[in-house]
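Contents: one structure, followed by commentary.
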């Protein structure tokens with residue numbers, strides 16, 4: 001870590017907060033209120049949470065700013081897991097006495113649709129002395145300070161890595177305390193990162209997508225568990241992209257006999273009626289099985305497009321295998337993982353910016 005940068009920015013930050021402006025004072029008070037709210041949801045209270053309360057609970061998160069239609073996120077969680085499971089896993093993540101690394105890995109293996117930004121924000125608000133809020137801005141700030149080995153994608157953020165990042169956050173909190181921030185905790189570190197460490201050069205560089213070749217190497221070397229996380233992350237982000245574009249998006253959908261596909265985008269378009277676009281994500285496994293699943297999907301007359309989503313190396317294999325099947329070679333499209341992740345990040349930024357303006361009625365941005 002670049003201690004010279006850390007010392008300089010910590011001193012500049014202390015100068016700002018030692019005599020806070022009215023705006024800064026309001027932000028500090030609002031954060032204290034948020035901590036009180038989330039800490040009030042004890043493990044026992046979480047276990048009795050209603051679906052309406054879950055909507056309010058999650059809607060307050062900064063990570064939810066990207067969603068105009070927050071109800072969509074909650075409906076997807078409840079439909080995919082059941083309310084009882086969602087409540088139980090949130091309670092375990094936040095209040096179990098198990099090491100945070102094991103709690104983190106358990107939650108991300110059991111709950112789809114709540115990524116690291118939401119998970120870490122809940123942890124940080126409930127336990128601000130212990131847990132770091134992790135999101136793109138945190139990545140930018142720590143990268144600027146020279147912290148090595150930062151995860152760029154969700155699948156890279158294991159429980160072990162998150163615990164390591166919390167350790168880095170505690171070092172930053174100690175530096176803030178030494179510089180004059182009284183009782184600095186990891187929410188103070190989040191302030192610090194947002195106020196001092198969002199360097200434009202780093203913002204631009206972080207936004208650059210990973211090279212297709214690098215992604216192919218990572219997928220090829222991934223163990224089965226990591227491969228499954230990559231698969232799930234891409235599948236969920238495809239659904240997000242579709243929702244943000246105005247489609248009705250779902251994952252794990254039966255579209256024809258013998259064909260359950262990873263993600264679908266569905267819409268009703270004028271005289272065309274119901275239109276479905278199908279996406280199959282390939283990390284590891286049989287290319288022939290993937291193509292057979294997509295071929296069966298075409299038995300549904302509403303399916304107007306089929307897309308294979310994979311890394312660059314596997315896309316070439318899929319393309320070669322599909323060449324011998326006329327209907328597939330004509331209709332099959334290909335989307336590289338790196339493009340999917342870059343597209344999601346770009347749309348995430350756009351949606352967050354638009355939703356902050358509060359220009360349209362609740363529920364119309366990010367899906368209907």
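Laboratory data are not the source of any read-out in this text; all were calculated from the coordinates shown. Treat the numbers as computed from the prediction; the structure is a model and nothing was measured. Using ideal geometry, Cβ is built from the backbone for each residue, glycine included, and neighbour counts are taken over all protein chains shown.
What is the angle, in °, between the Cα long axis of helix 224-244 and the longest principal axis of the Cα atoms in the chain? Nearest 10 is fine, range 0 to 90. Tilt of helix 224-244: around 90 degrees. Note on residue 286 and residue 245: the extension gain reaches 11.7 nm, defined as 0.36 nm multiplied by sequence separation minus the Cα-Cα distance.
Expressed in nm to one decimal, what extension gain is obtained for the pair residue 43 and residue 178 from 0.36 nm per residue of sequence separation less their Cα-Cα distance? Write out the running numbers ahead of the final one.
Numbers: separation 135, 0.36 × 135 = 48.60 nm, distance 3.43 nm.
Taking 0.36 nm per residue and subtracting the Cα distance, the gain is 45.2 nm.
Going by alpha carbons, how many degrees (0 to 90, nearest 10) lie between the helix axis of 212-221 and the longest principal axis of the chain? That works out to roughly 90 degrees. Normalised by the number of residues in region 213-356, the mean separation of alpha-carbon contacts (under 8 Å, six or more apart) gives a relative contact order of 23 percent.
Placing R0 at 41 angstrom, the Cβ-Cβ distance between residue 83 and residue 7 gives a FRET efficiency of 0.30 after rounding to 0.05. Label sites at residue 30 and residue 129, each approximated as a point 7 angstrom past Cα along Cα to Cβ, lie 2.7 nm apart.
Relative to the longest principal axis of the Cα atoms of the chain, helix 159-179 runs at roughly 30 degrees. Once the Cβ-Cβ distance of residue 357 and residue 257 is raised to the sixth power relative to R0 = 51 Å, the FRET efficiency obtained is 0.65.
Calculate, for residue 101 and residue 327, the FRET efficiency according to 1/(1 + (r/R0)^6) with r their C-beta to C-beta distance and R0 41 Å; round to the nearest 0.05. All intermediate terms of the calculation are to be shown ahead of the outcome.
Values: r = 47 Å, r/R0 = 1.16.
That gives a FRET efficiency of 0.30.
Of all DSSP bridge pairs formed entirely within the chain, close to 55 percent run antiparallel. Relative contact order of the chain, taken over Cα pairs closer than 8 Å and 6 or more residues apart, is 18 percent.
Summary of the geometry: region 130-194 and region 277-318, compared by the centres of their Cα atoms, lie 39 Å apart. Think of it as helices only: each DSSP H run of n ≥ 4 in the chain is worth -39500 (n - 2.57), and spread over all residues that comes to -19000 deg cm²/dmol at 222 nm. Of all the options 40, 216, 248, the one that moves most in a Gaussian network model of the chain with Cα springs shorter than 10 angstrom is 40.
Multiplying the residue separation of residue 349 and residue 50 by 0.36 nm and removing their Cα-Cα distance gives an extension gain of 104.6 nm.
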